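Reading through the structure tokens given below for one structure.
The values are calculated or read from the model by the stated rules, or taken from the named source; none is laboratory data. Since the model is a prediction, treat every value here as computed from it, not as a measurement. In this analysis, Cβ positions are derived from the backbone assuming ideal geometry, glycine residues included, and neighbour counts consider all displayed protein chains.
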Amino acid sequence: MGIRFILMVNKQGQTRLAQYYEYLTLEERRALEAEIVRKCLARTEQQCSFVEHRNYKIVYRRYASLFFLVGVDNDENELAILEFIHLLVETMDRHFGNVCELDIMFHLEKAHFMLEEMVMNGCIVETSKSSILAPIQLMDKMS
Amino acid sequence: MNPFSSGTRLRDMIRAIRACKTAAEERAVVRKECAAIRAAINENDQDYRHRNLAKLMFIHMLGYPTHFGQMECLKLIASSGFPEKRIGYLGLMLLLDERQEVLMLVTNSLKQDLNHSNQYIVGLALCALGNICSAEMARDLAPEVERLLQFRDPNIRKKAALCSIRIIKKVPELAENFINPAAALLKEKHHGVLITGVQLCTDLCKVSEDALEYFRKKCTEGLVKTLKDVVNSPYAPEYDIAGITDPFLHIRLLKLLRELGQGDADASECMNDILAQVATKTESNKNAGNAILYECVETIMSIEDNGGLRVLAINILGRFLSNRDNNIRYVALNMLMKAITVDAQAVQRHRATILECVKDSDASIRKRALELVYVLVNEGNVKPLTKELIDYLEVSDEEFKGDLTAKICSIVAKFSPEKIWYIDQMLKVLSEAGNFVKDEVWHAVIVVISNASDLHGYTVRALYRALQLSAEQESLVRVAIWCIGEYGDLLVNNVGMLNVEDPITVTESDAVDVIEIAIKHHTSDLTTKAMAMVALLKLSSRFPSCSERIKDIVVQYKGSLVLELQQRSIEMNSIIAKHQNIRSTLVERMPVLDEATFIGKRAGSIQATVSPSAGASINLPNGVAKPTAAPLVDLLDLGSDDVPAPSSSGGDLLHDLLGVDLSMASTQSGVNHAPKNGTDVLLDLLSIGSPTQSSQSVSDMLSSSQDNKTPVSPLEGLSSPSSNSIQPTSAGAAPTIDLLDGFSSNPPKQENNGTAYPSVVAFESSNLKMVFNFSKLPGNPQTTVIEATFTNLSTNIYSDFIFQAAVPKFLQLHLDPASGNTLPASGNGSITQTLRVTNSQHGKKSLVMRIRIAYKMNNKDVLEEGQISNFPRGL
């Protein structure tokens, strides 16, 4: 299992989406999110996109006001995760049309469905945007 | 419909939460929403179940408890519609976890859905199972998942593959069932199936040796070909990233090849060509290409040796390291760390660049680089590397100094070619970042200094100079005052000048000044002050001219609120004032501290509690054979747990004189019971009075220090208390253990020592007497076990005897059954009963108890009551 959690956080540090692939209690989650968000948001553009925190490595990337943070194991390819974040954003862009914080807030379940098609149990399932979005669009048509 | 349950729409709730200005407002909104959702759940509201669960997921994301919605997920999953199922499964994955029992209830729904005719529903079930399945579910549902690996739609196959990973991780013995289907997935063309199939094979290799062998034999060639196809594939818009087709698949394939090639020359040989191609042909101007190169390098480093490929890999890392992009430099450092075991020479070539990275402005890069430098150091390059690091220490960020200091100290200790270099470097570190130095580091410095007898003068002078410049670095101050105390005479007389030194003129009163500043400085903590006190005592003997002045300084602490300082002050004052005849013997220079013991202790190889009896048997001859040395030893012993009570050659009392150790009580009890020879004078010196009283005062002290756990042991941890049981060196070395024994003393020894608390007559009336005996449970100072013994003083038999007790809130009382309920007349027998009292204010408040005793005498009920407040202090 490579990916342990995926967080989307705005620049004020508020969590907008959280998906964990390992069990943490509510308190542990809150504490973890607070710590890593503080660490990552304090970094400058020039600094590298990787932060070590406890036994995680956090790979993060900022898109406008939204931070995407992915917690991975130590032996995960950091650069690939960085690329994966971009793929995630592109996929959401294709669906929402230039995704923003509000899209994710108000369509939280949809964002989760997309993520579900991309990552399962901490591993990448699919890398083609159209394959990822096909079931979601199908459902949209149905309902 | 209930007007409250319909509640707000999801959008409105999110808006309301967004509009909140403060956390309190947000909490209020969430509380209201949760109340409405609970109400809806209680009413079994069907229409809004879907919406309520969506709300709960949002609330859960914000970090509020949502357990009450768990059952709703199950209901939604059990419903027939796809939208309901979908949100139900999402809720299941977000709100539940595999530890909850509720999950058991979902197994059946999952099984049905895995067999559903609608493939989207099968997909939902697979996804949920893949994310949350427990070992039991894995066993129950593995056949379904195995079958789905051959499902006609690739979107189901890929999910089934990842689901299988979860299953084999939960239940590794199921792995063999998956080997064949997994191998079949490797032949697929669909990228999703391929990437998940490769992942499944990788994980199978990790849990099963058979799987690894199987894939190695049957699949290596196929995988190499697949990788070749992907690398050479024409432009595929769906998977293209920066001109590379599906870099994620590249990376997964490289990872699996790594598993197969590791430890197998044939498999490694088979993949050489394609690895060479990937390493040379991949574009390195985009992140995606670099990600592949990075993975390829790791695979090359892990598989069996091929010199040519390794050179290629090291060159790629060299390029990465000089890249301007911080991300690339970070991964290069990360990889060099792994490469060092394969080719240390190649990594050494990049030393200068790596050293630059230690000074980077980016904390992540610095951290990686420092780790790398640490493993790069060897006897050959330790001097230049240490110099670089120490120079950098001066300008580094405050938050980095801790890590950096720890690493430098470790390097210096490990590779120092000579003592003088070690001392020089450590003094630099202490002056620069003494506040970041851990205790064991400066303890080690003292041990080394103590052993370098030809450098004592040099060191104490260097420390004196350093102290003038960096008086704010606490651990420098401590080392300096210890050395000035020990070697003050060498400081003043410029003894043992080395050629490299500039002579300095220090008067006796200058030396005392330094200590006085340290003891009076507001930032000095208790340890420093206590050490300064000992140093002053030593100087009072070394510098007779300053004796009066030192006495004045020491006396100032007679009223210190800190017990430790007060005690030292009083004791040292009496030594200076009244016992000049023994003072010079008392404060003789410390014997050389034993390095081996100290290292042994640091390595943690021997537990402190190992065979105290063995320690005693070693110590015993020591105390007897060297009666003159022992007092000195014990004088400064801050925690010798192993000093056995019987080795009572006067030393023990002196030991008590300065000691603060918990294990003291054991010595004390020895004092009380063993006949003493010639120690009475010293007892008087303590001016505490009779031995019994001193015993009590010690136990008080014990209880107080037990609480705050910060008893002073300036030299704590300098040597191992139990490693002296394997002390190979001469008798002269043994005292050093006592000398510096720290607080690692084994507490049980102290606590076992129930005799420290005298029995009391807790209650006595004309008819009845009750005696309390006290003991402590090992490892639990708060709890006192009281054995109550009742004796009948009258001439009538008491029947139906009942003892009751009550305690204030800070105490907890447990009464065991009494030994009987009939008490024979005239003291011809007794009843005993055990009480256990736990004092939550241990060390602050004493025990107190109200009692009531009821019995029948001549068939008449008698009731006796009383309060016990004469418990020994410190219980």
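Of note:
- Taking the numbered list (1) touching a strand residue (DSSP E or B) at 6+ places or on another chain (Cβ under 6 Å); (2) surrounded by 17 or more Cβ atoms within 10 Å (Cβ to Cβ) in turn, A:SER65 passes all entries but (2).
- Restricted to segment A:91-143, the set of helices (runs of 4 or more DSSP H) holding at least 3 residues that are closer than 26 Å to B:ILE165 by Cβ and within 16 Å of the chain's Cα centre (by Cα) comprises A:108-118.
- Candidates B:ALA369, B:ALA332 - the one that is modelled with pLDDT of 90 or more, under 21 Å from B:LYS407 (Cβ atoms) and touching a His at 6+ places or on another chain (Cβ under 9 Å): B:ALA332
- In segment A:97-117, the residues that are more than 11 Å from chain B (Cβ to nearest Cβ) form Cβ pairs under 8 Å with partners that are among the β-branched types (Val, Ile, Thr) and part of a helix (DSSP H, G or I), at six or more places apart or across chains, as follows: A:VAL99/A:VAL89; A:MET114/A:THR91; A:MET114/A:ILE132; A:MET114/A:ILE136.
- Filter result for B:PRO758 (in contact (Cβ under 8 Å) with a residue 40 or more places away in the chain and in contact with a His (Cβ under 8 Å, 6 or more places away or on another chain)): no
- Scanning segment B:521-551 for residues that are closer than 16 Å to B:GLY488 by Cβ and among the hydroxyl-bearing types (Ser, Thr, Tyr) yields B:SER540, B:SER541, B:SER545, B:SER547.
Conditions tested, residue by residue: (1) under 17 Å from B:ARG166 (Cα atoms); (2) in contact (Cβ under 8 Å) with a residue 40 or more places away in the chain; (3) more than 14 Å from chain A (Cβ to nearest Cβ); (4) among the basic types (Lys, Arg).
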position: B:GLU84; (1), (2), (3), (4): no, no, no, no
position: B:LEU92; (1), (2), (3), (4): yes, yes, no, no
position: B:LEU105; (1), (2), (3), (4): no, no, yes, no
position: B:LEU114; (1), (2), (3), (4): yes, no, yes, no
position: B:TYR120; (1), (2), (3), (4): no, no, no, no
position: B:GLY123; (1), (2), (3), (4): yes, no, no, no
position: B:LEU126; (1), (2), (3), (4): yes, no, no, no
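- Being more than 32 Å from the chain's Cα centre (by Cα), in a helix (DSSP H, G or I) and not aromatic (Phe, Trp, Tyr) is a property that holds for B:LEU309.
- Members of segment B:524-552 found to be over 16 Å from B:ARG583 (Cβ atoms) and buried (at least 22 other Cβ atoms within 10 Å of the Cβ), listed by number: B:LYS529, B:ALA530, B:MET531, B:ALA532
- B:ARG51 falls short on exactly one of the conditions (1) basic (Lys, Arg); (2) modelled with pLDDT of 90 or more; (3) surrounded by 16 or more Cβ atoms within 10 Å (Cβ to Cβ), and that condition is (2).
- Residue count for segment B:450-491 satisfying the condition of being not hydrophobic (A, V, I, L, M, F, W, C) and not in a helix (DSSP H, G or I): 3.
- Looking only at segment A:121-140, residues that are closer than 21 Å to B:LEU53 by Cβ and within 9 Å of chain B (Cβ to nearest Cβ) come to 2 in all.
- With respect to the conditions (1) at the interface with chain A (Cβ under 10 Å from one of its Cβ atoms); (2) surrounded by fewer than 20 Cβ atoms within 10 Å (Cβ to Cβ), B:ALA161 falls short on a single one, namely (2).
- All positions within segment B:214-255 that are within 10 Å of chain A (Cβ to nearest Cβ) and either at positive phi or exposed (fewer than 14 other Cβ atoms within 10 Å of the Cβ) (or both): B:ALA236, B:PRO237, B:GLU238, B:ALA242, B:ASP246
- Residue count for segment B:57-78, restricted to those that are away from chain A (no Cβ under 11 Å) and either buried (at least 23 other Cβ atoms within 10 Å of the Cβ) or outside any helix (DSSP H, G or I) (or both): 5
- Filter pass, B:ALA433 being crowded, with 22+ Cβ neighbours inside 10 Å and either under 27 Å from the mean Cα position of the chain (by Cα) or not in a helix (DSSP H, G or I) (or both): yes
- Any hit, segment B:478-499, residues being within 27 Å of B:VAL437 (Cα to Cα), modelled with pLDDT under 90 and either among the hydrophobic types (A, V, I, L, M, F, W, C) or in contact with a strand residue (DSSP E or B) (Cβ under 8 Å, 6 or more places away or on another chain) (or both): yes
- Set side by side, the residues A:GLY71, A:GLY122 differ, and just one is at pLDDT 90 or above and at positive phi, which is A:GLY122.
- Once segment B:793-826 is narrowed to residues that are under 56 Å from the mean Cα position of the chain (by Cα) and of a type in the set (Ser, Thr, Tyr), the residue that is farthest from B:LYS844 (Cα to Cα) is B:THR822.
- Counted as qualifying within segment A:1-90 are the strands (runs of 3 or more DSSP E) with 2 or more residues that are in contact (Cβ under 8 Å) with a residue 60 or more places away in the chain and within 8 Å of chain B (Cβ to nearest Cβ), namely A:15-20.
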